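Below is one structure, written out as structure tokens; the observations come after it.
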Amino acid sequence: MAVKITETILRDAHQSLIATRMTTEQMLPIIDKMDKVGYHSVECWGGATFDASLRFLKEDPWERLRKLRAGFKNTKLQMLFRGQNILGYNHYSDDVVEYFVQKSIANGIDIIRIFDCFNDLRNLETAVKAANKEKGHAQIALSYTLGDAYTLDYWKDTARRIEEMGADSLCIKDMAGLLVPYEAEKLVKALKEGTKLPIQLHTHYTSGVASMTYLKAVEAGCDIIDTAISPFSMGTSQPATEVMVETFKGTQYDTGLDQNLLAEIADYFRPIQEEALKTGLLNPKVMGVNIKTLLYQVPGGMLSNLVSQLKEAHAEDKYYQVLEEIPRVRKDFGEPPLVTPSSQIVGTQAVLNVLQGERYKMITKESKKVLSGEFGQTIKPFNPEVQKKAIGDAEPITCRPADKIAPQLAKFEEEIKEWKQQDEDVLSYALFPQVAMEFFKYRQAQQTKVDVNAADTKNQAYPV
Ligand code: CO
């Protein structure tokens, strides 16, 4: 059967390589051509794009989505959604999660890939139900990781539970590039035994094995793979779209995609990549093969964040020390997968442990939340000593964490009422209160400026 392709250039590829800094203006000129390719879907929203748009690019992420939707007339648009964390870094109440799903679909999203950083399926229930209700495609992603608790039986059983939850498809989300080719073959076969759902594989090129992993996975029955157009492929991003298309050409897995059209799309993105290299936005360090990722289990996005975090602290020489501390912190935290937000939480704690010269001398607020069960259940128990250090004698949470969160939407509506220009604003504010408020103020100032200019023109046209 033909293997299907999800193109990640508009989300994960630039998130992994250039800290999510691609602007809507850079995307729009090429989407007409991209729409003609015949991708299974284009991943273009969610993940870090929302935060980065508001915070760094001063763009309304909802406006971006509407523009992309208007341009992509034939292609399904896909987003990445962090379960009860939505696109933020904390748990939100169910009413916020439901409203976010509703508005994402209303503004143009077809497929929502939903995951939880601990694979605690209770944290996915609300988002999946909401996607079902809004007639969106709910894809549940397993956050892939390594460790003795993560057996094929564990994955198979989780796949079965995912199908029962009402998912339309299942994704293996290998954010760190840990899935090696022959393991992928075994994993896909096991999942196929656990579920009838279509299986999609998402990986990163970080450790250099990703395109081979796709080959073995597809041979084992994987239905869809995630790739990035070549100028923003490989390194901490995905395997190149053109390479995978060529690999399967003339076989039973032939994607049917037009290599000439892909070449034109690559030609469009190449100068953007070259410019990013020139300005330093694209660090050549993340472009190479980093086999150490297999030892430290650190996802690509986390590696590039780490580099900039250490640069700011003038401690770039501590890079490898921090990489070694990360798996130790992960173990103390119940051995969760490392993916947003657990990757940031574990990463920041590891940086602190190294820079302070003493482990857990300082414990971040987020680390305390994890150790008190506010993010849900990890596959293994927390290190009791570290937990005690973090939360003292406080009683840890064991229920679905969102059950403890009262509805929040009405309060957020109240707080932004004087700034609100569209329904979706309350969601931007709910996720990133300070950043969204700054954006609202910026937006208003821009509009006032435009009004003043318009008034000036008017005065010139009709001199008194
Ligand atoms: Co990814």
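See the values below:
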| item | result |
| --- | --- |
| Qualifying position, being within 14 Å of the ligand (Cβ to nearest atom) and farther than 18 Å from residue 367 by Cα, among 308, 304 | 304 |
| Residues of region 238-254 that turn out to be in contact with a Leu (Cβ under 7 Å, 6 or more places away or on another chain) and free of Cβ contacts under 8 Å to residues at least 40 places away in the same chain, as a count | 2 |
| Residue ID - surrounded by the fewest Cβ atoms within 10 Å (Cβ to Cβ), chosen from residues in region 226-250 that are assigned to a strand (DSSP E or B) and touching a helix residue (DSSP H, G or I) at 6+ places or on another chain (Cβ under 6 Å) | 240 |
| Within region 200-225, considering residues that are of a type in the set (Gly, Ala, Ser) and assigned to a helix (DSSP H, G or I), the one most open to solvent (accessible area, probe 1.4 Å) | 211 |
| Qualifying helices (runs of 4 or more DSSP H) (wholly inside region 340-439; at least 2 residues being charged (D, E, K, R) and at pLDDT 95 or above) | 365-371, 384-391, 409-416 |
| Residues of region 3-49 that turn out to be assigned to a loop (DSSP other than H, G, I, E, B), more than 13 Å from the ligand (Cβ to nearest atom) and in contact with a helix residue (DSSP H, G or I) (Cβ under 8 Å, 6 or more places away or on another chain), as a count | 7 |
| Members of region 169-189 that are among the small types (Gly, Ala, Ser) and either under 18 Å from the mean Cα position of the chain (by Cα) or open to solvent by 10 Å² or more (accessible area, probe 1.4 Å) (or both) | 169, 176, 177 |
| Any hit, region 131-145, residues being more than 17 Å from the chain's Cα centre (by Cα) and modelled with pLDDT under 95 | no |
| Qualifying residue in region 189-198 (condition: modelled with pLDDT of 95 or more, within 16 Å of the ligand (Cβ to nearest atom) and either in contact with a Ser or Thr (Cβ under 7 Å, 6 or more places away or on another chain) or among the small types (Gly, Ala, Ser) (or both)) | no |
| Hits in region 140-161 - residues which are more than 30 Å from residue 304 (Cβ to Cβ) and open to solvent by less than 30 Å² (accessible area, probe 1.4 Å) | 159 |
| Options 207, 211; residue that is in contact (Cβ under 8 Å) with a residue 40 or more places away in the chain, under 26 Å from residue 289 (Cα atoms) and away from the ligand (no atom under 12 Å from the Cβ) | 207 |
| Scope region 129-164; condition within 17 Å of residue 199 (Cβ to Cβ) and in contact with a strand residue (DSSP E or B) (Cβ under 7 Å, 6 or more places away or on another chain); matching residues | 137, 138, 139, 140, 141, 142, 143, 144, 155, 158, 159, 162 |
| Pairs, first over 17 Å from residue 282 (Cα atoms) and touching a residue at least 24 places away in the same chain (Cβ under 8 Å) in region 294-323, second of a type in the set (Gly, Ala, Ser) and within 16 Å of the ligand (Cβ to nearest atom), C-beta under 7 Å, six or more apart | 294/207; 297/176; 298/176 |
| Hey, residue 176 away from the ligand (no atom under 14 Å from the Cβ), of a type outside the set (Lys, Arg), assigned to a loop (DSSP other than H, G, I, E, B) and more than 17 Å from residue 4 (Cβ to Cβ) or not | no |
| Tally, over region 237-262, of residues that are touching a strand residue (DSSP E or B) at 6+ places or on another chain (Cβ under 6 Å) and of a type outside the set (A, V, I, L, M) | 5 |
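The values are calculated or read from the model by the stated rules, or taken from the named source; none is laboratory data. Since this is a predicted model, take the numbers as computed values, not measurements. A quick note on method: Cβ atoms are made from the backbone with ideal geometry, for glycine too, and the neighbour counts reach across all protein chains shown. Each accessible area value is taken on the protein alone, full model and side chains, heavy atoms only, with ligands, DNA and RNA left out. Shrake-Rupley method; radii C 1.70, N 1.55, O 1.52, S 1.80 Å.
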